[in-house]
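Encoded as structure tokens, the structure appears first; notes follow it.
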Amino acid sequence: MSPLWGLRNLARHPLRTVLAVLGITVASALLLDMVLLAGGLERSFERLVLSRGYQIRVTPKGTLPFDTEATIGPVTPLVTAIRRDPDVVAAGPILAVALHARHADSLLPLVGYGVDPAGQGSYDLLEGSDLAAADSAGLLVGRTAAEALGLSVGDSVRLVGRLDPQVATTGVQRTMVVRGVVRWLYDDRTMRSVGTLLPVMQRFAWPAGNDRASLLMVRARDDVLAASVVARLREAHPEVGVNSVTDLVGQFRERISYFRQVSVILGTISLAVTVLLIATILTITVNERLGEIATLRALGVARRTVVTQVLVEGAALTLAGGALGVLLGLGTARYLDTILTAFPGLPASISFFVPQRQGLVTAAALLLVTGTLAGVWPAWIAARAPIAATLRGEAP
Amino acid sequence: MSVLVARDLTRTYTLHGQPVEALRGVSLDVARGDYVAITGPSGCGKSTLLQLVGGIDVPTSGTVSVLGTRLDQLDDRELTRLRLRRIGFVFQRFHLLPVLTALENVELPMAEAGMPRRERLERAHELLRYVGLERRERHRATQLSGGEMQRVAIARALANRPAIILADEPTGELDAATGQEILALFRRLHADGTTLVVVTHDDRLAAEAGRVVRLLDGRVLG
């Protein structure tokens, strides 16, 4: 005979047990999602901005990367100066401008990036080759742009810059050749983006002589040195904003603090629902079995044993519901992520729900402890039931 | 030596705000090997007396000693332990755990007493053989007839080799033929030296006992 014979009581009312487990499943799935959501966006953002190892961003003073249309300039001497820092291993400018591409008989709006392949942290090459240092006709296209324009490596496309939409006059037009297909790390799902060397893109944006960029990405020798590099750059270049990834994540955290608040509130509610559900089910089953419990006590079964059996029932319900809740929670998180990350302007590689071992362990421990504790009150009722009076109540 | 000594037991309940005297100064002595029947009309205090001497209820006044141990001097843990090891209960409605098999129901008090699994399984088999249910060991309580359930309950009461068996209307829920089987089993238990105190309405069962204690309105007659 198993010492956990109390567990078999769960099989006495299968429908009730199944419904209770389903209730706990839903509540624990919500709890899990809230735990994932609480820090998920922040972790995902940090992972994104560090994805190519660039720990520092140099932006127009008082702005965040791509937050405004402000630019830094002249950028070439700034990049040269930054690259001279002994702890800097790479630095590269990025310029984002509005572009158009001739497609059939229309003009397709694009985002154009001016980059320096020697120090770029904004794309991953998927097909073809990267731009060479003097390749003024070379073009990198994102998947969305490639699909929209029907382009593949080696194809040509006519790009149009400085288009005045009022009079449909163009400042500059140029035929470019696709060298590679890339994934632009900071693009949302709908953005059609292409990239050229920075000087070429500057000419698409302005007349000659405008040596400007939207931001610079800087990579220090290691993460520890990044802070001292930031300090030196701030001192040497007070005209620009210099932020480490840690600073950016901090600012991002402030902006999304409501996510954490919402997730904490909803997570707490789901825990409370779990506790109430388990306590209710166990109270009902204990009240139904008071006669049996009184018999056990009469036979000499200790209060401790009775309490243990009731707590084990609560723990079993929690474990079963919790295990199913993990599956449901991860599935729901994935589904919600596809909806939320489709939001315009949000990088496609950002995720709202990021599983993290510590978070999962915390949620599981919290659920198991509270689920078990939910049995304390019913267990107390069971253990304290007066034996004789209860048996008299059971008498015909 | 007395297995059970009860002195001047009274028990007053409060029912709808009114005191009800279920027992009014009852004394009882049960020696080792005795077979005592407690009889009387409904409401005369028979079951209350059994619950008091079995340590599952507390007298309003008076004392109960089992094997020389005063029950009123024990805390809940000690009293529970005494019930487990020294007293066997048989109830009118059997009170088997429906989720357990006959074998597991018999094992339960031994498991609670910490008996090793192999030993308690051996004893449970032996007890179920004793009550004639060796072929029904694997059946759940709900799959047994009333007589079978009561025989399992008797085997369970014997599990930890108690000093005394207290039975409350053990044939009360059974038909005449099945009641006879239980009577025969009690006869055999007594012949094997078991000390028995049986509360009953059943004249046949009372007639089997070596001594009959008659209660009326909470007092012993005669």
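Residue by residue, here is whether (1) of a type outside the set (A, V, I, L, M); (2) in contact (Cβ under 8 Å) with a residue 24 or more places away in the chain; (3) closer than 30 Å to A:Val224 by Cβ; (4) part of a loop (DSSP other than H, G, I, E, B) holds:
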residue: A:Arg260; (1), (2), (3), (4): yes, yes, yes, no
residue: A:Gly267; (1), (2), (3), (4): yes, yes, no, no
residue: A:Glu292; (1), (2), (3), (4): yes, no, no, no
residue: A:Gly325; (1), (2), (3), (4): yes, yes, no, no
residue: A:Leu336; (1), (2), (3), (4): no, yes, no, no
Taking the range B:162-180 and keeping only residues that are free of Cβ contacts under 8 Å to residues at least 40 places away in the same chain, open to solvent by 10 Å² or more (accessible area, probe 1.4 Å) and not polar (S, T, N, Q), one is left with B:Leu174, B:Asp175, B:Ala176, B:Ala177
Restricting attention to the range A:1-52, report how many residues are under 21 Å from A:Gly375 (Cα atoms) and basic (Lys, Arg).
3
From the option list A:Ala316, A:Ala320, single residue qualifying as in the same structural domain as A:Thr25 (by TED's automatic domain parsing) and closer than 30 Å to B:Arg81 by Cα is A:Ala316
Test set (1) within 34 Å of the chain's Cα centre (by Cα); (2) closer than 28 Å to A:Thr68 by Cα - A:Leu151 fails condition number:
(2)
Go over the candidates A:Glu288, A:Glu313 one by one and state the one that is open to solvent by 30 Å² or more (accessible area, probe 1.4 Å) and within 14 Å of another protein chain (Cβ to nearest Cβ).
A:Glu288
Mind counting the residues in the range B:63-106 that are more than 8 Å from chain A (Cβ to nearest Cβ), closer than 29 Å to B:His125 by Cα and open to solvent by 60 Å² or more (accessible area, probe 1.4 Å)?
2
Please find, within the range A:50-68, the residue that is farthest from A:Val218 (Cα to Cα) out of those that are among the β-branched types (Val, Ile, Thr) and buried (at least 23 other Cβ atoms within 10 Å of the Cβ).
A:Thr59
Residue check for A:Asp188: in a loop (DSSP other than H, G, I, E, B) and either on the phi < 0 side of the Ramachandran plot or surrounded by fewer than 22 Cβ atoms within 10 Å (Cβ to Cβ) (or both)
yes
Could you check, for the range A:356-365, whether at least one of its residues is within 14 Å of chain B (Cβ to nearest Cβ), hydroxyl-bearing (Ser, Thr, Tyr) and either open to solvent by 60 Å² or more (accessible area, probe 1.4 Å) or touching a Phe, Trp or Tyr at 6+ places or on another chain (Cβ under 8 Å) (or both)?
no
Does A:Leu216 count as surrounded by 14 or more Cβ atoms within 10 Å (Cβ to Cβ) and outside any helix (DSSP H, G or I)?
yes
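Any residue that is in contact with a Gly (Cβ under 7 Å, 6 or more places away or on another chain) and open to solvent by less than 50 Å² (accessible area, probe 1.4 Å) - is there at least one of those in the range B:47-58?
No: zero hits.
The rows are residues; the columns are (1) part of a loop (DSSP other than H, G, I, E, B); (2) out of contact with any helix residue (DSSP H, G or I) (no Cβ under 7 Å at 6 or more places or on another chain); (3) on the phi < 0 side of the Ramachandran plot.
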| position | (1), (2), (3) |
| --- | --- |
| A:Leu36 | no, no, yes |
| A:Leu48 | no, yes, yes |
| A:Arg57 | no, no, yes |
| A:Thr80 | no, yes, yes |
| A:Ala118 | no, yes, yes |
| A:Asp130 | yes, no, yes |
| A:Val141 | no, yes, yes |
Of the conditions (1) out of contact with any strand residue (DSSP E or B) (no Cβ under 8 Å at 6 or more places or on another chain); (2) within 14 Å of chain B (Cβ to nearest Cβ); (3) not β-branched (Val, Ile, Thr), A:Gly325 fails just one. Which one is it?
(2)
The condition of being surrounded by 21 or more Cβ atoms within 10 Å (Cβ to Cβ) and more than 11 Å from chain B (Cβ to nearest Cβ) holds, among A:Thr283, A:Thr308, A:Thr318, A:Thr295, only for A:Thr318
Restrict the check to the range A:69-78 and report whether at least one residue is outside any loop (DSSP other than H, G, I, E, B) and surrounded by fewer than 18 Cβ atoms within 10 Å (Cβ to Cβ).
yes
With respect to the numbered conditions (1) more than 30 Å from B:Thr178 (Cα to Cα); (2) out of contact with any Lys or Arg (no Cβ under 9 Å at 6 or more places or on another chain), which one is the sole condition not fulfilled by B:Gly62?
(2)
A:Leu346, sole failed condition from (1) over 14 Å from the mean Cα position of the chain (by Cα); (2) closer than 30 Å to A:Tyr123 by Cβ:
(1)
Any idea which of (1) open to solvent by 40 Å² or more (accessible area, probe 1.4 Å); (2) in contact with an Asp or Glu (Cβ under 8 Å, 6 or more places away or on another chain) is the one B:Ser145 doesn't satisfy?
(2)
Which residue is nearest to the other protein chains (Cβ to nearest Cβ), if the candidates are limited to the range A:369-388 and must be open to solvent by 50 Å² or more (accessible area, probe 1.4 Å) and within 21 Å of A:Thr305 (Cβ to Cβ)?
A:Pro386
Subset of the range B:115-141 (residues that are within 11 Å of chain A (Cβ to nearest Cβ) and either free of Cβ contacts under 8 Å to residues at least 12 places away in the same chain or open to solvent by less than 20 Å² (accessible area, probe 1.4 Å) (or both))
B:Arg117, B:Ala124, B:Ala141
Meets criteria (touching a residue at least 12 places away in the same chain (Cβ under 8 Å), farther than 19 Å from A:Val49 by Cα and not β-branched (Val, Ile, Thr)) for A:Glu235:
no
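The values are calculated or read from the model by the stated rules, or taken from the named source; none is laboratory data. A quick note: this is a predicted structure, and the numbers were derived from the prediction, not measured. Counting neighbours? That spans all protein chains shown, and the Cβs are built from the backbone with ideal geometry, glycine included. Calculation scope for accessible area: heavy atoms of the full protein, side chains included, ligands and nucleic acids excluded. Shrake-Rupley method; radii C 1.70, N 1.55, O 1.52, S 1.80 Å.
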